[in-house]
Every structure is written in C-alpha cells, then in structure tokens.
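Here is the structure we will look at.
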C-alpha cells in the first residue's frame, strides 16, 4: 500500500484490507508513522509516541472490527498503562498510569494499534489546544489557526491524515469543536453510553463523555459500537446499552421536524460564515425531505453558561487540590489560568455549585419542551471560524496577577468584580452552542457541511433528545451522502487537496 492509498482510506476500509490480508498491521503502522513524520512537526498533534508497544502489538494476532488499524488516544482521560497521562499539566508529566482507562481497553479490544497520544490544553479547559507543557497545536487547513480543543490534537491528526480516526472526549464541546475546526465528524453521545474510569468517577459530575473524531460517519458509528456500553461496577448509566450504531446507518431517517437558530445571548452577533453554514444546512435538509424552520433558542444560554462555568471551575478546584495532595505538586506546576479559575471555583463555595447543579433540571426541561415540538435542534457548532493561534493568550502581567490571586486566595474579591461574566464572553463567546448538550446529557453531533471563503472548515451541530444518538448518526450519514466531505484534504499535502 502506498501513502496516498492510506490517506484516502477510512478506518473501516483499512480494517477490511487487513482482514483480507492485502496489507499487514505493521505496514499500516509504518504508513501512519511516515505521515506523522511529515506533518506533525508543523501541527504538534502527537505529543507522545508509543512506538515500542505499537510495534509489539502490530506483530501480534489481532482481533476485533478494527484489527490492525493505527490509532491515537488523547492525553486526557484516556490512560495507557505504563505511560504518563499528563492532562496537559506539568504537575502530571511523570504520573504514570498503572492501568488502561476503560475506554482505552475497549479501543484495544477492537483491534486498534495505538502508537501515540494527542495534544490537549491543561485539564481540557479550553476550546483551543495551546498548552504550557505540550505546546500549541495547529490547524492543518491553515497553520495560523487553532484546531480547536480540547481534543485539538486528535482533530489535527485526523485532518492531516495521520490516522483516519482518533480518541477524544467532550465535557463542553471538546469533540464537536475540533470536529468543526478540522472538517470532521464528532458525536458527543448521551450521558451513560460510553465508559469512564477506573482512575476517576464521572468527569465533571457526568457532563463529559468519551468518543472519537473521524472523517466518516461509518467510522464514528463503528468505533462507538466498540466502546459503548455500561460497566457494571460503575453508576450513572441510565441511558442503558445502545443498539448497534453502525447497523442503523442502513436505515434512512424518517421525515424529521428540525428547528434551527443561530441566536445566542453570549454572542448576539455570530460571524456571517456561521450563519451561512446553518442556512445552507437547513436548505440541504429541506431538499432531503425534512421539515425545517427557524426557531428561537429553546433555552437561556447566558444562564446555562454561568451554570456550566460554575460547575467547571468547582471541579477544576477539586482536581487541582487532589493532585496537590496526591503528588505534592506546587502552584508553579499548573498554568496561571488554571490556578485563577480554580480559585474562583473555591471562593464561590459549595452553595454556588449546588445551585448550578440544581439548575440543570431547568435546562433539561427547556430542551425537552423543545423536543416535544421538534425532533432535532440545528445550530452552528462555532460562532466564528477557527481562531488564530495565540489570539486569546492571557497577557503575562495578568498571568502573574492570577498566580498572586490564587496564592492569597482572593477569589471572593474576583467574584465580586463580575469576572464570571467576562470569562463567559472570553471563553465561550466563539463556542456558545456546545455546552447545552453536556449540561443536559443529550447527544449532539457536528458535521462538516461548510467551508469558509478562506478555506477553513466550520461545522454545524444537531442536538437530539436523550438516546437519539443513532438517529443523529443516521441523519449525518444522509447528509454525508448528499454532500460528501471525506475526499477533502488539507493543504499540508497539495497533491491531495480537495
């Protein structure tokens, strides 16, 4: 197999070639490494190579639906035994995992050959992938722009053709944002469909789920089949075991009623490209026979953003406190931004966290009322095209001030200034649409239907009711057939540009 053939094959095709003995796992691994050597110095997607274990695995008899296919896991909450999982933090740079994460075990049980770990911001806290420890990841479509976050390394690696799919997870949009930035498919599943642990309990009080980013819907469906299902020793799997996502793709979705909106109180003026993306998707869905109409947002997204960040800051405080207690890590081992928001979370107190968790029911009820009238909600995934790398850097003076605030525990003073509202604008203003699915536990998918005039991807998002994951994938497959995207390649390899 030549590299150009590898680059034009999805994981399903590669697995079939291995099964038919037309190519070996070792040959595929060599091609994946060849591509990584070509492009990773430019995009910084892979931050740790697992070459020895990958070589040994590729030489073994492998079973499973993706036997022999090269794969990457995220360096956050997808632990690989024997190697550190840094979560993008210097504090965890040498924190070696004693066992695989359950999701990693299931990737391996599917026959995948994991040969590296992908870039992520510290604790997955940002919609970009720019990190003190791991460095800046860049978008293969334009190196001046971000691949999104927090699964930005995985998104960049797939878009650049290193692997056809890669591990990702989503606590506030961290699968869908990179999918949108890189021209990929990204499904955030219903709460309870994919596993967590055993290293921790449910991340972010259950807001985060495991998954993948990929170039094709069938790969996303089949990989989710491989990892989905409840482990009996854990709680909070109320959604139960899903049917086969891949098998359902053969059944076209029924005529759906879809409401679309680009409105957001957080960003009342989304970029015209984001508006065009949704309007184009609405027209395509109408052409496919669905009933599509403009609607008002079904929820108060400004209130939801406050609740989301209150929960996020509180859990980050708990996470950093736990790492300090377990490893003795000093403040200098954490990014200034992380220390500042953790201090805000500490100062806000248990009462604020409890109120935000209680408010989740309000957001669920609002979305459920919407789904009584409409099958799906259509929005942009991003309110603007992928940001330029470095454009949201915290100034050095403010970083120093943040460390002082954390050291003297001045979070209450910061909270009194109304800083939370500013953080909502700064951090969620370009991605105001994704947190709804996390807070409510509902599934949402980003599909790459739009490219900007500047040649950057900008996805659209569909949000469904609980356990409608299969429906979202079926509709995505219908859209993929009507307006294919997997043939597109980044300009890192001009010969293959679509």
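See the values below:
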read-out	value
Relative packing of peptides 62-69, 141-148 - highest average C-beta neighbours within 10 Å first	141-148, 62-69
Relative contact order of the chain, defined on C-alpha pairs under 8 angstrom at six or more residues apart (%)	17
DSSP bridge orientation in the stretch 145-295 - percent antiparallel, rounded to nearest 5	65
Kirkwood hydrodynamic radius over Cα pairs of the chain, then Stokes diffusion coefficient at 25 °C and 0.890 mPa s, in µm²/s	110
Three-way shape label, the stretch 232-383, alpha-carbon gyration tensor, a/c 1.5	prolate
Helical contribution to [θ] at 222 nm, DSSP H n ≥ 4, -39,500 (n - 2.57), averaged over the chain, rounded to 500	-13000 deg cm²/dmol
Relative contact order (%) - the stretch 408-474, alpha-carbon pairs under 8 angstrom, separation at least six	24
DSSP bridge orientation in the chain - percent antiparallel, rounded to nearest 5	70
Packing-based order for 394-404, 360-370, using average beta carbon neighbours within 10 Å, highest first	360-370, 394-404
Prolate/oblate/rounded call for the stretch 342-457, Cα gyration tensor, a/c under 1.5 rounded	oblate
Prolate/oblate/rounded call for the stretch 33-119, Cα gyration tensor, a/c under 1.5 rounded	oblate
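A short reminder: the numbers here are calculations on the coordinates, not readings from a lab. This one's a predicted model, so the numbers in the text were calculated from it and none came from an experiment. Note: ideal-geometry Cβ built from the backbone for every residue, glycine included; neighbour counts use all protein chains shown.
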